[in-house]
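Only one structure is covered here, and it is reproduced in the block below.
The values are calculated or read from the model by the stated rules, or taken from the named source; none is laboratory data. Computed from a prediction, not measured in an experiment: that's the story for all the values here. Positions of Cβ are generated from backbone atoms using ideal geometry, with glycine treated the same way; all protein chains shown enter the neighbour counts. Only protein heavy atoms, including side chains, enter the accessible area calculation; ligands, DNA and RNA are left aside. Shrake-Rupley method; radii C 1.70, N 1.55, O 1.52, S 1.80 Å.
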Amino acid sequence: MIGSTSRTSLGPRRQGGLTLVGWVLLLVVAAFVALLGLRTVPVYLESMTVSSVVRDVARNPELRGATPREVRSALNRRMQVNNVESVSDDDLEIERSGDSVRIVLAYERRFPLIANLDGIASFREEAMIEP
């Protein structure tokens, strides 16, 4: 058949879109990203709370001229009120230099990701209590 056009010579019109395998892969990747988000967001929210506590204690006018022990006590009280459990006394360093008190809080938080894989987030907060 010379001169006639057949469907095979022009090729069938291809439809765009994802195949079933493409959708499954897309859903697996989306589920993984969602899982990472669900596991890491609480850690960073707690970090923001810790940062807020350290800043608030440093700005507290009642603690100007306070001893490191009083500052530690105020920090521990605020951490307890805000239900912060990942910070211990070992993570807290308070030193007096002249009239000011320097607060350094450095801690790590481990959190489960998948099965036996854990994530580790390191945080450091510093503040000065000026006289």
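At a Förster radius of 35 Å, what calculated FRET efficiency corresponds to the Cβ-Cβ distance of residue 34 and residue 120, to the nearest 0.05?
Working: r = 21 Å, r/R0 = 0.59.
It comes out at approximately 0.95.
Could you work out the relative contact order of the chain? I mean the mean sequence separation of Cα pairs under 8 Å and 6+ apart, divided by the number of residues, in percent.
Numbers: 128 pairs, mean separation 29.8, N = 131.
Worked out over the chain, it gives 23 percent.
Put 96, 14, 78 in order of accessible area, largest first, 1.4 Å probe: what do you get? Write out the running numbers ahead of the final one.
Details: 96 110, 14 205, 78 85 Å².
From most exposed to least exposed: 14, 96, 78.
List the relative contact order of region 32-104 as a percent without decimals, with contacts defined as Cα pairs under 8 Å and 6+ residues apart.
Working: 44 pairs, mean separation 21.7, N = 73.
Worked out over region 32-104, it gives 30 percent.
Excluding ligands and nucleic acids, what accessible area in Å² is computed for residue 45 using a 1.4 Å probe, to the nearest 10?
Looks like 90 Å² after rounding.
Please give the helix 68-81 orientation as an angle from the longest Cα principal axis of the chain, in degrees from 0 to 90, rounded to the nearest 10.
That works out to roughly 40 degrees.
Rounded to the nearest 20 Debye, what is the dipole magnitude of the chain about its Cα centre when Lys and Arg each give +1 and Asp and Glu each give -1 at the C-beta? Don't skip to the end; give the middle numbers.
On the way: 16 positive and 16 negative charges, 210 e Å.
With Lys and Arg at +1 and Asp and Glu at -1, about 1020 debye.
How far is helix 20-59 tilted off the main Cα axis of the chain, in degrees rounded to 10, range 0 to 90?
Around 10 degrees separate the two axes.
Counting only heavy atoms of the protein chains, get the accessible area per residue of region 8-131 (1.4 Å probe) and round it to a whole Å² value. The partial results should precede the final answer.
Working: 8900 Å² over 124 residues.
Accessible area per residue: 72 Å².
Could you give the length gained on full extension between residue 45 and residue 111, defined as 0.36 nm per residue of separation minus the Cα-Cα distance, in nm?
On the way: separation 66, 0.36 × 66 = 23.76 nm, distance 1.33 nm.
Between residue 45 and residue 111, full extension yields an extra 22.4 nm.
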